[in-house]
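Read through the structure below, which is laid out as structure tokens, and then see the notes.
The values are calculated or read from the model by the stated rules, or taken from the named source; none is laboratory data. It should be emphasised that the depicted structure is a prediction, and the values quoted were computed from it without experimental measurement. Virtual Cβ from ideal backbone geometry, glycine too; neighbours counted across all protein chains shown. In case anyone asks, the SASA skips ligands and DNA or RNA and just uses the protein heavy atoms, side chains included. Shrake-Rupley method; radii C 1.70, N 1.55, O 1.52, S 1.80 Å.
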Amino acid sequence: MLWISWFLYFYHLSSYVAETHRVTGIKNDGFQHTLGHLKPRAAPEVQAEAARDVIWRILGEDYKRFPVSVDPSIGPIGKDAFQVFKNVLGQIEIIGTTGVAAVWGFHYYLKNYCNSHITWEGSRINLPSFFQDVNITITSNDRFRYYQNVCTAGYSTAWWDWPEWEKHIDWMALNGINLALAFHGQEAIWERIYLQLNLTRADIDEHFGGPAFLPWARMGNIRGWGGPLPPTWHRHTVDLQHKILNRMRLLGIVPVLPAFSGHVPRAFRKIFPNASLILSDTWNGFDDQYCCPFLLDPTDPLFKRIGTMFLEEYTNEFGTDHVYNCDTFNENEPSRSDLEFLGEISRSIFSAITNVDPDGIWVLQGWLFVHELSFWTEPRVEAFLTAVPVGKMIVLDLQSEQFPSYERLGSYYGQPFIWCMLHNFGGTLGLLGSANIINNRVFEGRNMRNSTMIGTGLTPEGINQNYVMYDLMTEMAYRREPADLDIWFEKYATRRYGAWNEYAVQAWQKLRTSAYDFNGPQRIRGKYVITRHPSTKINPWAWYKPEAVLSAWDLLLRARHGRRNDIFYQHDVVDVTRQGLQLTADTLYLNIIRGWKSKNITQVRLNGELFMDLFDDLERILASNKDFLLGSWLEAAKRLATNEDDKNLYEYNARNQITLWGPRGEIRDYANKQWSGLVADYYKPRWGFFLFALNYCLVHKIPFNATEIDLAIFNQVEQPFAISNKIYPTSPHGNSVEIAVALNKKWRTIKPSSKLRVLKNNRG
């Protein structure tokens with residue numbers, strides 16, 4: 001009769017699981033058979049201790065008021081859950097399925113019950129003397145919450161050391177992130193491999209990019225630019241990767257490690273003369289010195305050998321959690337387009353992973369299906385994706401909020417995918433976002449017919465901007481239905497500033513229906529006139545009426561009483577003032593160009609003077625806040641150096657990336673920042689040079705030679721700034737609120753130009 005008892009046990013267990021799914025509205029992701037092994041390695045009690053450590057770092061001794069435990073059985077299979085309740089001792093007790101889930105529950109309580117706010121800019125914790133009663137259970141909608149873009153390592157975290165990473169991993173856990181990119185140390189491992197293969201140091205040095213350009217060297221877009229990498233860099237990244245992985249694993253975050261993408265040094269030709277090596281295409285105009293490494297044909301048997309060598313060495317050093325990122329065709333196309341070849345490529349890449357780790361899962365950034373849309377037709381994508389066993393690949397639908405591919409590609413032909421918000425390119429600053437889209441389409445992607453969606457993700461190229469969008473997006477992981485954005489933004493403003501304020505709420509509602517309501521087909525990026533290389537052909541545009549954002553500026557400043565010293569209020573005052581000045585500069589520029597075309601010297605001169613004056617005011621407001629200082633970026637780079645040569649190399653990397661992005665300005669201003677120091681010594685001087693030339697040509701009635709002016713600006717402003725060693729402040733000066741009030745009074749007299757192109761297919 002024992003078999004009857006076992007049958008009844010499993011029958012009731014399966015009924016319980018089914019009922020749990022029915023009550024919570026959760027569907028199993030359908031890939032438990034292939035992804036079930038992607039789970040925390042640490043024991044529950046170890047994860048709980050790591051979760052307590054996060055809470056201690058945030059609260060200090062008050063962490064004792066939040067006892068934490070980890071119990072994987074409290075949630076359905078393949079989902080995370082947390083329980084938050086007030087215990088008999090008056091404490092807020094938290095139980096999570098993992099360490100991450102427990103910290104997520106702690107953060108959920110702080111946000112929703114304590115009006116607290118923890119962001120990239122800082123934190124405000126409001127703990128009451130006595131906790132109100134609470135008894136909630138929250139379960140995730142999906143299997144994963146993914147984080148990072150491969151480019152974030154260049155645009156935001158290039159100069160981070162352990163203190164920055166420790167704080168950021170805490171932030172990941174607070175927001176429930178349980179699958180995250182961990183890419184450090186791979187050049188150190190490649191150096192070992194290349195030396196084993198008899199490449200010389202010179203061969204290696206001309207291949208690796210510099211610290212600020214590593215993501216694009218890794219993906220085969222460039223080679224050598226910003227390098228060479230010194231030995232101290234390798235030691236730094238290996239040590240840092242061990243710390244990062246250890247902390248992620250203790251918390252239950254599954255790290256995504258790098259795999260071999262196929263891009264190898266040019267010197268491979270002399271070592272392997274019979275190998276099938278394909279010269280990569282030129283990328284963004286880089287000349288031969290810095291472009292076009294070889295791609296080792298994935299169908300060549302050597303590909304599997306090299307890929308195996310790398311992954312064995314990497315996992316021997318760092319261990320593995322069985323998830324690997326590989327992007328062979330980032331902004332470059334395969335050499336052939338026939339379906340059989342594309343399938344062979346995919347199988348070869350996957351084989352190089354599973355040859356070392358039979359449980360390996362391939363994570364693919366789906367950017368290639370957006371960027372090379374004409375090449376990646378549906379049959380080609382299907383051939384490429386289905387060559388890998390279903391469930392053994394995870395596709396990141398990288399920019400779902402603007403250019404989703406999951407519908408066009410039939411839910412990736414059965415492969416699981418993650419709905420991602422990319423949002424930011426280059427780490428640029430500028431108020432932008434698609435709040436309505438992420439508030440609705442996440443649910444559409446999850447619930448569409450035959451959906452293979454298994455998670456949500458944040459994939460910005462750069463962070464430390466527009467935190468409101470990331471706060472909203474992270475909630476899509478547990479919300480059962482779209483939020484009422486009116487209410488959500490009101491609560492956000494209240495939480496961010498510590499108390500409800502009529503004007504603050506009105507300001508954020510204005511921003512919600514303007515800057516944060518983009519819904520058009522255009523690519524939105526942080527490009528404004530003041531941060532662009534001077535030209536007579538710039539065509540400023542917006543997806544909202546500028547007056548809406550300018551009105552938000554007015555309203556935010558009216559909320560200043562009682563908030564002058566609040567870190568979030570000060571940050572936002574600077575950020576919105578910066579945006580208001582940018583919009584005003586767009587109007588002045590259009591006036592200048594209109595005057596130039598009509599040969600109205602007075603109009604050009606008067607608006608040009610105002611334009612240059614605006615740069616001084618922008619510099620002044622940015623210098624008043626720690627989050628907008630060029631000096632912080634440069635000093636972070638130099639701090640990682642151990643000698644003068646490395647210090648100069650790192651500083652040049654840091655300066656070049658945010659300005660010229662290449663030796664000749666190949667991707668000039670792509671990663672522009674409105675930072676104090678950069679405005680005064682880079683943006684203003686080149687516009688001053690341009691406007692002087694424009695005036696001179698009008699007065700003397702001679703043609704304006706744009707090519708000649710461009711070259712002069714490069715030689716006299718841009719290149720000198722990139723190679724300079726001028727030291728900039730790392731501490732703010734001036735009162736942000738007082739400066740903003742004065743600038744608002746001064747510049748709000750200029751009304752937005754009627755010539756500014758406002759897209760009609762957007763609200764706001």
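Would you tally the residues in the stretch 209-240 being over 16 Å from residue 663 (Cα atoms) and touching a helix residue (DSSP H, G or I) at 6+ places or on another chain (Cβ under 8 Å)?
The number of residues fulfilling the criteria is 11.
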Is it the case that the stretch 654-672 has a residue that's open to solvent by 10 Å² or more (accessible area, probe 1.4 Å) and farther than 18 Å from residue 713 by Cβ?
no
Could you grab the pairs with beta carbons closer than 7 Å, sequence gap of 6+ or different chains, first residue in the stretch 612-639 and at positive phi, second one outside any helix (DSSP H, G or I) and modelled with pLDDT under 95?
none
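Taking the options 202, 188, name whichever one is out of contact with any helix residue (DSSP H, G or I) (no Cβ under 9 Å at 6 or more places or on another chain), among the aliphatic types (A, V, I, L, M) and farther than 30 Å from residue 627 by Cα.
Values: 188 fails: out of contact with any helix residue (DSSP H, G or I) (no Cβ under 9 Å at 6 or more places or on another chain).
Residue meeting the stated conditions: 202.
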Looking at the stretch 590-638, which of its residues are open to solvent by less than 10 Å² (accessible area, probe 1.4 Å), in contact with a Phe, Trp or Tyr (Cβ under 7 Å, 6 or more places away or on another chain) and not hydrophobic (A, V, I, L, M, F, W, C)?
631
Residue 249 - would you say it is buried (at least 18 other Cβ atoms within 10 Å of the Cβ) and of a type in the set (Lys, Arg)?
yes
Answer yes or no: is there a residue in the stretch 576-589 that is more than 27 Å from residue 112 (Cβ to Cβ), open to solvent by 10 Å² or more (accessible area, probe 1.4 Å) and either basic (Lys, Arg) or not in a helix (DSSP H, G or I) (or both).
no
Of the residues that sit in the stretch 506-558 and are assigned to a helix (DSSP H, G or I) and charged (D, E, K, R), which one is most open to solvent (accessible area, probe 1.4 Å)?
558
The helices (runs of 4 or more DSSP H) lying wholly within the stretch 661-734 that contain at least 1 residues that are of a type in the set (Asp, Glu), farther than 22 Å from residue 606 by Cα and in contact with a His (Cβ under 9 Å, 6 or more places away or on another chain) are 706-713
For the stretch 221-241, pairs from a residue that is more than 14 Å from residue 653 (Cβ to Cβ) and touching a residue at least 40 places away in the same chain (Cβ under 8 Å) to a residue that is open to solvent by 10 Å² or more (accessible area, probe 1.4 Å) and among the hydroxyl-bearing types (Ser, Thr, Tyr), with Cβ under 8 Å and 6 or more apart or across chains, are 221/280; 223/290; 232/642
Which number in (1) among the charged types (D, E, K, R); (2) assigned to a loop (DSSP other than H, G, I, E, B); (3) in contact with a Ser or Thr (Cβ under 9 Å, 6 or more places away or on another chain) marks the one condition that residue 407 misses?
(3)
Would you point out the residue of the stretch 275-298, among those that are open to solvent by 50 Å² or more (accessible area, probe 1.4 Å), assigned to a loop (DSSP other than H, G, I, E, B) and not charged (D, E, K, R), that is farthest from residue 670 (Cα to Cα)?
289
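Might you check whether a residue that is in a helix (DSSP H, G or I) and buried (at least 24 other Cβ atoms within 10 Å of the Cβ) occurs anywhere in the stretch 61-82?
No.
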Lone unmet requirement of (1) over 30 Å from residue 257 (Cβ atoms); (2) in contact (Cβ under 8 Å) with a residue 12 or more places away in the chain; (3) in a loop (DSSP other than H, G, I, E, B) for residue 88
(2)
Can you report the number of residues in the stretch 105-124 which are of a type in the set (Lys, Arg) and not in a helix (DSSP H, G or I)?
1
If you go through the stretch 83-109, how many residues are open to solvent by 20 Å² or more (accessible area, probe 1.4 Å) and either closer than 20 Å to residue 144 by Cβ or among the basic types (Lys, Arg) (or both)?
2
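Conditions (1) surrounded by fewer than 24 Cβ atoms within 10 Å (Cβ to Cβ); (2) of a type outside the set (Lys, Arg); (3) at pLDDT 95 or above; (4) farther than 22 Å from residue 323 by Cα, marked per residue:
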position	(1), (2), (3), (4)
149	no, yes, yes, no
185	no, yes, yes, no
188	yes, yes, yes, no
193	yes, yes, yes, no
202	yes, yes, yes, yes
212	no, yes, yes, yes
Could you figure out which of (1) assigned to a helix (DSSP H, G or I); (2) open to solvent by 30 Å² or more (accessible area, probe 1.4 Å) isn't true of residue 651?
(2)
Give the residue that is least open to solvent (accessible area, probe 1.4 Å), with candidates limited to residues of the stretch 398-409 that are free of Cβ contacts under 8 Å to residues at least 40 places away in the same chain and not basic (Lys, Arg).
405
Out of all the residues in the stretch 419-461, which are small (Gly, Ala, Ser), open to solvent by less than 10 Å² (accessible area, probe 1.4 Å) and either in contact with a strand residue (DSSP E or B) (Cβ under 9 Å, 6 or more places away or on another chain) or under 21 Å from residue 144 (Cα atoms) (or both)?
433, 434, 435, 445, 455, 457
Suppose the filter is among the hydroxyl-bearing types (Ser, Thr, Tyr) and either in a helix (DSSP H, G or I) or farther than 21 Å from residue 429 by Cβ (or both); does residue 503 pass it?
yes
Within the set of pairs 6 or more residues apart or between chains, which connect a residue that is more than 10 Å from residue 413 (Cβ to Cβ) inside the stretch 368-389 to a residue that is open to solvent by 70 Å² or more (accessible area, probe 1.4 Å) and hydrophobic (A, V, I, L, M, F, W, C) with Cβ atoms less than 7 Å apart?
379/339; 380/339
Can you tell me which condition residue 127 does not meet? The list is (1) of a type outside the set (D, E, K, R); (2) out of contact with any Asp or Glu (no Cβ under 7 Å at 6 or more places or on another chain); (3) open to solvent by 10 Å² or more (accessible area, probe 1.4 Å); (4) closer than 21 Å to residue 491 by Cβ, and all the others hold.
(2)
Of (1) out of contact with any strand residue (DSSP E or B) (no Cβ under 8 Å at 6 or more places or on another chain); (2) in a helix (DSSP H, G or I), residue 619 fails just (1)
Taking the stretch 462-494, which residues are crowded, with 18+ Cβ neighbours inside 10 Å and either in a loop (DSSP other than H, G, I, E, B) or among the small types (Gly, Ala, Ser) (or both)?
462, 463, 465, 466, 476, 477, 478, 493
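To keep it simple, each residue is scored yes or no on (1) touching a Cys at 6+ places or on another chain (Cβ under 7 Å); (2) of a type outside the set (A, V, I, L, M); (3) not in a helix (DSSP H, G or I).
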{"site": "142", "(1), (2), (3)": "no, yes, yes"}
{"site": "150", "(1), (2), (3)": "no, no, yes"}
{"site": "158", "(1), (2), (3)": "no, no, yes"}
{"site": "167", "(1), (2), (3)": "no, yes, no"}
{"site": "170", "(1), (2), (3)": "no, yes, no"}
{"site": "173", "(1), (2), (3)": "no, no, no"}
{"site": "176", "(1), (2), (3)": "no, yes, yes"}
{"site": "195", "(1), (2), (3)": "no, no, no"}
{"site": "209", "(1), (2), (3)": "no, yes, yes"}
